[in-house]
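Here the structure is laid out as C-alpha cells; the discussion comes afterwards.
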Amino acid sequence: MKIKLFYIHPTNYGNLMMACAFIKYYADQAKQKGIKNLEFYLDVLDDEELERVKKSLPEGIKVYQEKLYNRKRRGIIGKVEKLVNIPREIIYNRKKYDMCVVLGGDCISQYYSTQVFVSDMLKFQKISKKQKVYLLGQTMGPFSGYAVDLVSRCLKDCMIYVRDHDCYNYLQEKFQFTKLHEARDLAFLDIPFQNDENKKKKLLEKYTALTKYITVVPSGARRQYTSDTETYVNEYKKIIEYIIGDLKTDVLLLAHVIHVSDSNDKIIIDKIMEELEPCYQEHIHVVDQLIFPYEARILLGGGLATITGRMHAAVSSINMGTVPICLSYSVKFKGVIGDDFGLNDYIYQCRGDEIWSDGCVHDEVINRLNMALQNREQLVSQIERELKKVQKKSLLQIEELF
C-alpha cells in the first residue's frame, strides 16, 4: 500500500510532529489489520529532509521522497518549474498511490502565498476526481472574494477533517461539503520518542543549565503580527527582561521553525539577543539549531510555562502538561488551543500594527503569564483532563481512513 503525504516541512517542528504522529499511528493500525508493504511518499525537498523524518520515526517504517522534480529550486525558475510540473504531478498522484493525505494545519487559507494556495486547490481538485484525498487536522479559512468559489469547487470531492469546532461550523455554513468531519490537531497525539527515558536523559545532559525556566518561542513570521520589526523585537525583549529581572527565572529561547527564509525563528531570536544587556543574556539558553521534534517537545515540557507565537509549540506544551500563553495572529489559536482546554484567557490576539504601536503587547503577555503561574496547578489538571478527550478526536481521523 502506497500513501502520498503533502505539506511535509521537516524544519518546522509542528509540521514534523503532525507527520510523525500520522505515520506512526497509521502504521500501527495497518499492522493490526494485517496490511503489508506499507510505504509513505513525502513531498520533502531533499535527502537531508527525508533523513530528518526517518530519524524521528521508529525503525521499520518505510518512508521515501517523491522525486518528480527539483522542489528545492528557488526564485522565478523554481516557481515556473513547479507550475509546469502540476499536470505531471496530478497524473502521477492519481496513478501511483492508494490514497493521498494532506496534513494540516492552516495552509489552506489566505494568510499565505496566493500562488501556492490557488495552484494547490486546483491540484487537489484534479487528483480527488480519480483518487482518494484526505485533508487531516485542518484549519481552513476564513475565505473571501475569489477564494470562496475556488475552495467550494476544488475540495468538494475531498474528505475533510478540521481541527476545531469553530472551523467546522464555519465550513458547514459557508460551503456545501458532504464529506466534512470534526477532529483535532494530529500533534496532540504523542510522537515517537517523547517518553523515551534514555533519549530524555541524553538531551538533558546536553542542556545541564536548564533547571527553572520559562520557554519563549518568538515567531519568525513577524509580518503576520506587524510590519515594524523594531517594535516586535522590543516587546519580546521586555517580556524576557521581566521574566529574568522580576520573576528571577531563566529563559529558554527556542526556535520552532528554522531554515525557512521568510519566517525563520532564529533570525528574530538573534535580533532579540542583540538588544539584551549581558546581565540578561547570561540567564538565557538559546536553542536555535535543528533538533528533533521529540527533543523540542521534551524541552517545552520542562518549562514552568511557554510564551509562544508558534501554535504547535503551544500544542506540544499542552501534550507535556505545560501551560501556554499564546500571541495569536489567526483564528486557529482560539479554535485549537483556547476552546477545548479553557485557555482563551491565555491567548492574546495581536495581529496588526495598531496593537503593536501602542507598546503594550509585553504588558498583556506578562499579565497572562502571571495569571498562568498563579493558577498553574489548577490549569495543568484541567489540561491533562481535556487532553485525553482531544486525543481521541485526533486519532479518530486516522482510524477512519481504513
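Annotations for the structure displayed:
- Odd one out for GLN176 among (1) within 25 Å of the chain's Cα centre (by Cα); (2) outside any helix (DSSP H, G or I); (3) of a type in the set (S, T, N, Q): (1)
- Complete set of residues in the range 103-145 that are among the hydroxyl-bearing types (Ser, Thr, Tyr) and not in a strand (DSSP E or B): SER109, TYR111, TYR112, SER113, THR114, SER119, SER128, THR139, SER144
- Extreme residue, surrounded by the fewest Cβ atoms within 10 Å (Cβ to Cβ), among residues of the range 317-356 that are charged (D, E, K, R) and farther than 21 Å from ARG297 by Cβ: GLU354
- Evaluation of VAL80 against (1) in a helix (DSSP H, G or I); (2) within 20 Å of the chain's Cα centre (by Cα); (3) β-branched (Val, Ile, Thr) (one fails), failing number: (2)
- Output for the range 146-155, where each listed residue is touching a helix residue (DSSP H, G or I) at 6+ places or on another chain (Cβ under 7 Å) and either outside any helix (DSSP H, G or I) or surrounded by fewer than 14 Cβ atoms within 10 Å (Cβ to Cβ) (or both): ARG153, LEU155
- Of the helices (runs of 4 or more DSSP H) lying entirely inside the range 209-313, the ones with 1 or more residues being among the aromatic types (Phe, Trp, Tyr), modelled with pLDDT of 95 or more and not assigned by TED's automatic domain parsing to the domain that holds ASP106 are found at 229-245, 278-281, 293-301.
- Candidates in the range 60-91 are the residues that are farther than 25 Å from LYS2 by Cβ and surrounded by 11 or more Cβ atoms within 10 Å (Cβ to Cβ); of these, the one that is modelled with the lowest pLDDT is ARG73.
- Meets criteria (of a type in the set (S, T, N, Q), surrounded by 13 or more Cβ atoms within 10 Å (Cβ to Cβ) and either at pLDDT below 90 or closer than 23 Å to SER263 by Cβ (or both)) for SER109: yes
- Scanning the range 344-370 for residues that are in a helix (DSSP H, G or I) and free of Cβ contacts under 8 Å to residues at least 24 places away in the same chain yields a count of 6.
- Some residue of the range 171-192 being at pLDDT 95 or above, surrounded by 21 or more Cβ atoms within 10 Å (Cβ to Cβ) and under 19 Å from ASN367 (Cα atoms): no
- Tabulated pairs, the range 107-134, first in the same structural domain as TYR26 (by TED's automatic domain parsing) and among the small types (Gly, Ala, Ser), second assigned to a helix (DSSP H, G or I) and modelled with pLDDT of 95 or more, C-beta under 9 angstrom, 6+ apart or interchain: SER109/ALA147; SER128/CYS154
- GLY60 being touching a Lys or Arg at 6+ places or on another chain (Cβ under 7 Å) and among the small types (Gly, Ala, Ser): no
- Scope the range 324-364; condition of a type in the set (A, V, I, L, M), more than 15 Å from the chain's Cα centre (by Cα) and within 22 Å of ASP166 (Cα to Cα); matching residues: ILE325, LEU343, ILE347
- Note on the range 1-34: among residues that are free of Cβ contacts under 8 Å to residues at least 40 places away in the same chain, more than 23 Å from GLN138 (Cβ to Cβ) and not polar (S, T, N, Q), the one that is surrounded by the fewest Cβ atoms within 10 Å (Cβ to Cβ) is GLY34.
- The residue that is nearest to TYR97 (Cα to Cα), counting only those in the range 40-77 that are among the β-branched types (Val, Ile, Thr) and assigned to a helix (DSSP H, G or I), is VAL53.
The values are calculated or read from the model by the stated rules, or taken from the named source; none is laboratory data. All figures in this text were calculated on a predicted structure; none of them were measured in a lab. All Cβ positions, even for glycine, are placed from backbone atoms using ideal geometry, and neighbour counts span all protein chains on display.
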